[in-house]
Structure formats: C-alpha cells, structure tokens
Amino acid sequence: MRPERDLAPAEARQADPTATSRRGFLRIAGLAGVSLSLVSAARRAEADIGFFAKDLPDDKLTAMFRTILRIRWHERTMADKMLSDPDYRGYNHFYAGQEAVAAGACAALRNEGPFEQIDLVYSTHRPTGHAIAKGVDLKKMCAENDFRATGLNGGYGAQMHLSDPAVGFIGADGMIGPGPVLATGSAFAIRARGSDQVVVFFGGDGTYATPHFHSALNNARLLDLPFIYVLENNLYHQYAHYSFSCPHTDIAEAARAYGIPARVVDGQDVFQVYNAMHEAVERARAGGGPGFIEAKTYRYYNHWGAPGAKVGELGAFGYDPLAISSFRPERELRSWMQRDPVDIARATLIDWGVLDAARAEAIEAEVRAEVAEAFAWAARQPLCNPEDGLRHVFAEGTVIARQFG
Ligand SMILES: Cc1ncc(C[n+]2csc(CCOP(=O)(O)OP(=O)(O)O)c2C)c(N)n1
C-alpha cells in the first residue's frame, strides 16, 4: 500500500505575516488556492488517471529514482562549484526541487533508437533536469556548461542552449514563449511523416501569459497533433507569483478551454507525474491528439545562479527586503522542502518493497560518484575557442534562395 502522505505544505496555507500590500494579499490568496488545489488535484489524479506505475518492473521504477538523484546531485555539485571554484565558468537556472517532473515525464517516453523513432523534448531556460532525464551524456553536459570544446555543443551553447538530438533532446531555449510553437510545428512534421513519435514541451507558469501558449494549444487541438505540454507550475515566474499574470488557480483550466484533456498532478511525486504522462503519451501516439499536464512543484534555488545558497547545503535562503532573493517567503520554501521529490520517491519504493533503505543509500552513493566523475572529467577538457564563437551562427558559403534557384 502506498503511504498516506500530507499532500499540501501546511505552512503554505498560512498567511504571510510580512505581506500587507494588495500584491501581498493577492499572493497569499494565490498560495492558499494553490495549496488547496494541490490536495484536491492530487487526490483526483490518483482516483481517475489510472495507476500505471504500479505495473512497472522494479528496474524501471528504480531507474526513475536514479534519474531524480542524478538531477539532484548535478544541481548540488554545480551550485557548490559556482560558489567555491573561481576557475569554474558555468552558470545555471537551477532545477532542484522539480526533479520528479522531468524524471516522471521522460520515463514515459521513447528515449532510445533512431532519431526518426524517438520522442522529442523541447525545453526551457531551466533545462538541465529535462536533459538528464531524456538521457544526455552527463559528462558532455557538464563540459558544455563549463564552455569546454568537448561539450555537447562544442562549448558554445552552455546551459541555456544545451541540445542533444541523438537522444531526442531538441534543446533548451532562453526565450520565454516560442518553445511550444516550435514543438507543435515539430509534432505537425512528425504526423505528416506518418511516424508515431510524440513531442513534449516543458514550460513554466510564466509561459501562460505569452501568446505562444495559446497559439500552440489552439493549433495542437485544431490539428490533433501528437503534442504534450508539461507545465511546471513552480508558483513563480522569475520573481513574480503566477497569480499576477494568470487568472486561473490551475493553469490546466486554460488547456481545457481549448478542448485539450488536461491533468493536474503533484509534481513532487514522480509516480503521479508518470501516470499522467503515460496516459497522455498513449493517447497521442495512437492519434488521439494533444495532452496537457500541470505539475505543481517548487524550485529550491533563486531564479538564476546561487545567491543565498551555501556550499554543501541544499537550497537558497535568506530574507533581505532589498534583495531580489526575497521574492518569496522563506517558510514557503522550507515547507515545500518537507515534501522533497527524492524523499517521496525513496519512501514510496521502500513501501512497495522495490528497495530497502540500504539499497537506496547505495544507489545514492553510486550517483554521487558518477556526478563527481562527470564534473572532474569536464574540468580536464580543453576550453572552446572564443574566436570561433560566430562560426555556428551564420550560414557559410553561398546560399541560393529557393525561389530563384
Ligand atoms: C521573451 C522573454 N522575455 C523575458 C525573458 C526573461 N525571463 C527569463 S525567465 C522568465 C520567467 C520564466 O518563468 P517560468 O516560465 O514560470 O519558469 P521558471 O523560471 O519559474 O522556471 C523571464 C520572464 C525571457 N527569457 N524571454
């Protein structure tokens, strides 16, 4: 039996004592709504999605746990490097806290095989978790993030432009908006070719207020594309609560308005994410059109970089009314950390008899060693050549426009 878990961070339901302004009030109202919706949405999800994860073999379930850990230790190691190693060039929009979304969603995809058969993922400015879950080479990703010539993209792209088509990770994208339009175009091409691949776009709550969100969903439904929008609602876009730009408590409501089947899931529980994703992938692959999954989640670090973080510690804290790191109450962060995706996955697998505590600990030690080795390998690689930076930006040679050729 799965353990009964407290699905909502209790403190998130309490009023923020520092907030007296109208904006503060709106934020409290939004938080309260989100927490309540988290409870009801999670229960609804387990009740009617179908519980596909329970039928998976042990090694597949364990692989999801391992993916979460790989993302987590990549994040923590990178944060430590940024804070303590003056020779490290890498930067990150940290994904820690959201690991279960990438791990659960990508576990339901086809990730191995020829490019014409694997499922495709379009990512965001916060891509490292999606990349790891889709199966990019960890060493080459670490090298890319540190601008090394042997990195995934020759060291010219770094974190916000990671891409590895070999595993269907079409790539990160620093622009908020266009991603789902590109992904629906890709889904259109796939359907035109008669392939049964599906295309997934990961986007944040901040994508709701862009025209691309609505255009992509409209076209996906209109053309019944094999397209799945995984919306990671981590409550904030950059430094603003999503209630400032979205009238819905569940952004999934907007997808339903376009006629797209939409689920709201607890994004801290990898198996709930997997269940919803499995359902959407099966439907899209069979020609049943698009799907939308809103995963309620939270990020443990600041929007960008590691301000407020300390070496060896998870998360970024500190309340300074004048600093940009004060965009959210510290107690809110701490209450979300009590429902950590690593802890939830581990506890569930132990409860199901898939792992015991010793095996879970051994897996974590293996992952930590693997991540440490990836960063050490990357640090030994040659740097990319800054003079070549523009080489891959413009077409070289003569280009003849088709209509004149
Ligand atoms: C077109 C565009 N406008 C503004 C920005 C600056 N920007 C970077 S991240 C971000 C908010 C993203 O929020 P969300 O999609 O919720 O993702 P999160 O950062 O919360 O994971 C903004 C506005 C941008 N990258 N692109």
Among the residues of region 65-97, the number that are more than 15 Å from ASP269 (Cα to Cα), among the polar types (S, T, N, Q) and away from the ligand (no atom under 16 Å from the Cβ) is 2
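Kindly indicate whether THR184 is under 29 Å from ALA96 (Cα atoms), surrounded by 23 or more Cβ atoms within 10 Å (Cβ to Cβ), at pLDDT 95 or above and away from the ligand (no atom under 12 Å from the Cβ). Show your work before the answer.
On the way: under 29 Å from ALA96 (Cα atoms): yes; surrounded by 23 or more Cβ atoms within 10 Å (Cβ to Cβ): yes; at pLDDT 95 or above: yes; away from the ligand (no atom under 12 Å from the Cβ): yes.
When the stated conditions are applied, THR184 passes them.
Checking the structure you have, find out if any residue of region 228-240 is over 16 Å from the mean Cα position of the chain (by Cα) and within 9 Å of the ligand (Cβ to nearest atom). Step through it out loud before you land on a result.
Filtering region 228-240 down to residues over 16 Å from the mean Cα position of the chain (by Cα) leaves 239-240.
Subsequent filtering for residues that are within 9 Å of the ligand (Cβ to nearest atom) retains 239-240.
Yes, because at least one residue in region 228-240 is over 16 Å from the mean Cα position of the chain (by Cα) and within 9 Å of the ligand (Cβ to nearest atom).
Does MET160 fit the bill of being within 16 Å of the ligand (Cβ to nearest atom), in a loop (DSSP other than H, G, I, E, B) and over 16 Å from ALA374 (Cβ atoms)? Walk me through it before giving the result.
Values: within 16 Å of the ligand (Cβ to nearest atom): yes; in a loop (DSSP other than H, G, I, E, B): no; over 16 Å from ALA374 (Cβ atoms): yes.
Considered against the rule, which asks whether it is within 16 Å of the ligand (Cβ to nearest atom), in a loop (DSSP other than H, G, I, E, B) and over 16 Å from ALA374 (Cβ atoms), MET160 comes out as no.
Can you spot a residue in region 169-177 that is within 16 Å of the ligand (Cβ to nearest atom), under 30 Å from PRO382 (Cα atoms), surrounded by fewer than 16 Cβ atoms within 10 Å (Cβ to Cβ) and not hydrophobic (A, V, I, L, M, F, W, C)?
The first filter runs over region 169-177 and keeps only residues within 16 Å of the ligand (Cβ to nearest atom), leaving 171-177.
Filter again for under 30 Å from PRO382 (Cα atoms), leaving 171-175.
So of that shortlist, the ones also surrounded by fewer than 16 Cβ atoms within 10 Å (Cβ to Cβ) come out as 174-175.
Subsequent filtering for residues that are not hydrophobic (A, V, I, L, M, F, W, C) retains 174.
Yes - at least one qualifying residue is present in region 169-177.
Scan region 344-360 residue by residue and report those that are farther than 15 Å from GLN272 by Cβ and either touching a residue at least 24 places away in the same chain (Cβ under 8 Å) or not in a loop (DSSP other than H, G, I, E, B) (or both). Show your work before the answer.
Keep residues of region 344-360 that are farther than 15 Å from GLN272 by Cβ, which gives 346, 350, 353-360.
If the condition is that a residue be farther than 15 Å from GLN272 by Cβ and either touching a residue at least 24 places away in the same chain (Cβ under 8 Å) or not in a loop (DSSP other than H, G, I, E, B) (or both), then ARG346, ILE350, VAL354, LEU355, ALA357, ALA358, ARG359, ALA360 are the ones that fit.
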Close pairs (9 angstrom Cβ cut-off, 6 or more residues apart or separate chains): under 17 Å from MET337 (Cα atoms) in region 303-319, of a type in the set (Val, Ile, Thr) and within 15 Å of the ligand (Cβ to nearest atom) anywhere
HIS303/ILE324
Sole miss for ASP224 among (1) more than 28 Å from ALA316 (Cα to Cα); (2) of a type outside the set (Ser, Thr, Tyr); (3) assigned to a helix (DSSP H, G or I) is condition (3)
Any idea which of (1) in contact (Cβ under 8 Å) with a residue 60 or more places away in the chain; (2) crowded, with 19+ Cβ neighbours inside 10 Å; (3) within 16 Å of the ligand (Cβ to nearest atom); (4) not small (Gly, Ala, Ser) is the one ILE251 doesn't satisfy?
(1)
Of residues in region 361-405 being outside any helix (DSSP H, G or I) and charged (D, E, K, R), the one modelled with the highest pLDDT
ARG380
Of the candidates ALA192, ALA143, the one satisfying the condition of being away from the ligand (no atom under 16 Å from the Cβ), surrounded by fewer than 19 Cβ atoms within 10 Å (Cβ to Cβ), among the aliphatic types (A, V, I, L, M) and farther than 26 Å from VAL265 by Cα is ALA192
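Please indicate, with yes or no, whether at least one residue in region 383-390 is under 15 Å from ARG66 (Cα atoms) and of a type in the set (D, E, K, R).
Here is the first cut: in region 383-390, the ones under 15 Å from ARG66 (Cα atoms) are none.
Scanning region 383-390, I find no residue that is under 15 Å from ARG66 (Cα atoms) and of a type in the set (D, E, K, R), so the answer is no.
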Scanning region 108-138 for residues that are within 12 Å of the ligand (Cβ to nearest atom) and in a loop (DSSP other than H, G, I, E, B), which turns out surrounded by the fewest Cβ atoms within 10 Å (Cβ to Cβ)?
HIS125
Assigned to a loop (DSSP other than H, G, I, E, B), buried (at least 24 other Cβ atoms within 10 Å of the Cβ) and within 16 Å of the ligand (Cβ to nearest atom) - does that describe any residue in region 100-107?
no
Consider region 195-227. How many of its residues are surrounded by fewer than 24 Cβ atoms within 10 Å (Cβ to Cβ), more than 13 Å from the ligand (Cβ to nearest atom) and free of Cβ contacts under 8 Å to residues at least 60 places away in the same chain?
6
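Step by step: first the residues of region 254-274, then only those that are out of contact with any strand residue (DSSP E or B) (no Cβ under 7 Å at 6 or more places or on another chain) and over 20 Å from ARG285 (Cβ atoms), then the one that is farthest from the ligand (Cβ to nearest atom). Which residue is that?
Residues of region 254-274 that are out of contact with any strand residue (DSSP E or B) (no Cβ under 7 Å at 6 or more places or on another chain), as a first pass: 254, 257-259, 268-271, 274.
Going one step further and asking which of them are over 20 Å from ARG285 (Cβ atoms), we end up with 254, 257-258, 268-271.
Values: ALA254: 14, ALA257: 20, TYR258: 19, GLN268: 15, ASP269: 19, VAL270: 18, PHE271: 22 Å.
My answer is PHE271.
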Pick from GLU294, GLU279: which is closer than 26 Å to PHE51 by Cα, within 16 Å of the ligand (Cβ to nearest atom) and touching a residue at least 60 places away in the same chain (Cβ under 8 Å)?
GLU294
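The values are calculated or read from the model by the stated rules, or taken from the named source; none is laboratory data. Keep in mind the model is a prediction, meaning the values are calculated, not measured. FYI the Cβ positions are ideal-geometry reconstructions off the backbone, even for glycines, and counts take in every protein chain you see.
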